[in-house]
Amino acid sequence: MTIKDLRLFQATKPSPKADAIVQPEATFMVDSHWKISWLNSRAEQLLHLSAPTAIGQDFNAIFSEHRFGGLHALQRSLARGHSISKYQTVFLDPANGSPTAVRVTAQAIPDTKGNFSGAIVSLRDASDSSQSFSLILNNIADGVFTVDNNLLITSFNPAAQQILGWTQQEVLGTPCLKIFGGSLCGAECILGQSIRHDNPIIGRLVFPKDKHGRTIPISISAASLMNPEGEVIGGVGTFRDMTQVMTTDLILESVADGVFTVDRNWRITSFNRAAEIITGWTRQDAIGKLCSDVFQSDVCGQECAIAHSLYAGKAVANRTVHITSVQGKRIPISVSASPLADHEGTIIGGVETFRDLSLVTILRKQIAQRYSFDEIFSKNAKMQNIFGILPEIAHSDSNVLILGESGTGKEVLARAIHNASTIKDKPFVAVSCGALPETLLESELFGYKAGAFTDAKQDKQGRFAAAGKGTLFLDEIGDIPLGVQVKLLRVLQEKRYEPLGSNRTIEADARIIAATNRDLSELVQKGLFREDLFYRLNVVRITLPPLRERREDIPLLVEHLISLFSAKKGKEIAGISDAALALLMQYDFPGNIRELKNIIEYTFILCPGGLIQPAHLPDPFAQSKDDASLLRGTHPAGAPLTLDEMACQTILRSLERHKWKRMAVCRELGISKDTLRRKIAQCQFTDPAEENHAGPFSPTHATEVGHGAKQHQTEQDPGL
């Protein structure tokens, strides 16, 4: 740049007075050696520099990659003589280290020979796009961070801070290896691979340590970060804390991370690349459409994850649902959702992350094999010990006695032993000894000859004969009459018996498995059960714990039963809601697994699809109709609530919890007093302390919240 050029530009630059009035862009100039030669007052404010200090300083010293991620890519373009318009980058405010998206316009200045002699660069806050960018990052349920080409961290969202314990100020400019040091860092770093090859990598499991040294399993995905010219300027990583998933559902890793946002009318406003890959929709086609039209999920409407997060006022994580891809393929996904609020606490939409669980479905089956034996499912330590010895028991021919309360699955265990034995191809015959009187039980077990008693017109084969060389399961053995006990003892001792009315001895080759819910030792002491028979049966004894002593199995059993009834009844139920599962976890189940099975079968009658909710459970679990509607995010009539209506619900619930102490509500919801006052007026809430009668939005009519102010002006509760 010549002196003449510089003087001409300086002569035309805005005066300080004009600067203050029109608030121009932050503008500065560099010479051919990339030294700052001039900057305006707005640039001084933005960069926290004074002109005398900045002029003459090296561009790279002021605009480091730490503070301006990727701006050096623009520097290379200008050096080649290219002009840049609306280039966007991330600027770290030197005062507080907070990231701000800025839009850059730059003009290369050639000399008389066409060579680079300097440049004019203008910086402007990206305003709307910057605010949207920050809102999404600040409200997203997963951790998000970005790095430059040297793998130095350039941004770190609140979720990332919460998961790892590091603050944004502590990690900015730090190599990501120091923060995420784990099994896939170094040569296997997925961020480095994404940056080098411009190829997204999704769903890797790593085990970094948080700030306090605690190891945390996270599922991390990475992709390259490009500027508008297509140059790779760094990378972006998203990660999710897998601690809860690994301990409850035992899903070790996810396979993808999609992100989309919706506005107040449920129309998609952003749609990332992973979302395109999973659903088959392009970003251009998805944005502007209703999210229900794009995802066609079995939980759209009543069971929407975003709707639930808005009603609860907090994030909803790791829900399993099904969506339909653009090709019509049903895809299982895990979703997390959060309300999207602006800086005043006003809800402006929702954000949802989701991951493809197609491969996880295979993992679930593999994991289920670890916690199952035949058709028995359990993670309980006592049950695991039983699983450990069952193969040896199954391959022996010894008698087995199964003890346990009614409904604990004694017959299922007996069948599992038979199915794992060497005689699994032989019959399995079950007899309920307590359901038959003595005379019928004897003939049922041993059979009879024609003429043995009145109406015995032809021979009948007994259960021992039917079992042959298979397994005979004697259920409720503790209720067997003493007379039959004597004959049964002889069969166990001599392996032979005689049918009623016959003098011919028949060999008894069946293996005996007996079960009872009674204390046989106590019956022996009372003389109600023969001691010698007890010892004959009690060769191998297995005691099944009741369901209340193995509560950790309830989620596993519920998931199995839902899969069972979905196939049996042809009804697609995605799973059970957290609220409904919490109710089941608190119940003692006097009827044990049989009662749980009946409860799930009952829910299949009431649940239309999606997730099983508390309202679908039988008494004493079910809530009132209106409460259940609110939990589902619908009006009692079934129509879906709008975002405004859900915001009203959330605020009213908080007001009720804090007895209308508004400062407590502001602290809980993180909003200002002015915002709360405006929302109370908008929702037409009435403070009970200010009114002697209950208005349409009083706490006594909490279930009516969300219908909208206009509707309540014309549709009053008939009971008011």
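Nothing in this text is a laboratory measurement; each read-out follows from the coordinates by a stated rule. On a predicted model such as this, the values are computed, not experimentally measured, just so you know. FYI the Cβ positions are ideal-geometry reconstructions off the backbone, even for glycines, and counts take in every protein chain you see.
Can you list the residues of the stretch 506-529 with backbone N under 12 Å from a point 7 Å past the Cα of Ala430, pointing along Cα to Cβ? Correct set: 515. Pairs Lys382/Lys597; Lys469/Lys597; Lys449/Lys469; Lys314/Lys661: which exceed 29 Å Cα-Cα? Pairs exceeding the cut-off: Lys469/Lys597. Ordering 482-488, 273-279 by mean Cβ neighbour count within 10 Å, with the highest value first, yields 273-279, 482-488.
Footprinting exposure proxy ranking of Leu611, Leu523, Leu47, fewest other C-beta atoms within 10 angstrom first, gives Leu523, Leu47, Leu611. Extending 7 Å from Cα along the Cβ direction at Lys178 and again at Glu231 yields two label points whose distance is 2.7 nm.
Take the Cβ-Cβ distance between Leu528 and Arg330 as r, set R0 to 56 Å, and report the resulting FRET efficiency rounded to the nearest 0.05.
Once the sixth-power term is evaluated, E becomes 0.50.
Between Ser270 and Thr261, the built amide H atoms are under 5 Å apart, and every one of these is 5 or more places off in sequence or on another chain.
For Thr215 and Asn138, what is the calculated FRET efficiency with R₀ set at 25 Å and r taken between the beta-carbons, to the nearest 0.05?
The computed FRET efficiency comes out at 0.40.
So which of Lys659/Lys679; Lys426/Lys487; Lys379/Lys426; Lys410/Lys460; Lys178/Lys209 end up more than 21 Å apart, counting from Cα to Cα? Numbers along the way, then the final one.
Details: Lys659/Lys679 17 Å; Lys426/Lys487 24 Å; Lys379/Lys426 30 Å; Lys410/Lys460 28 Å; Lys178/Lys209 10 Å.
The answer is Lys426/Lys487; Lys379/Lys426; Lys410/Lys460.
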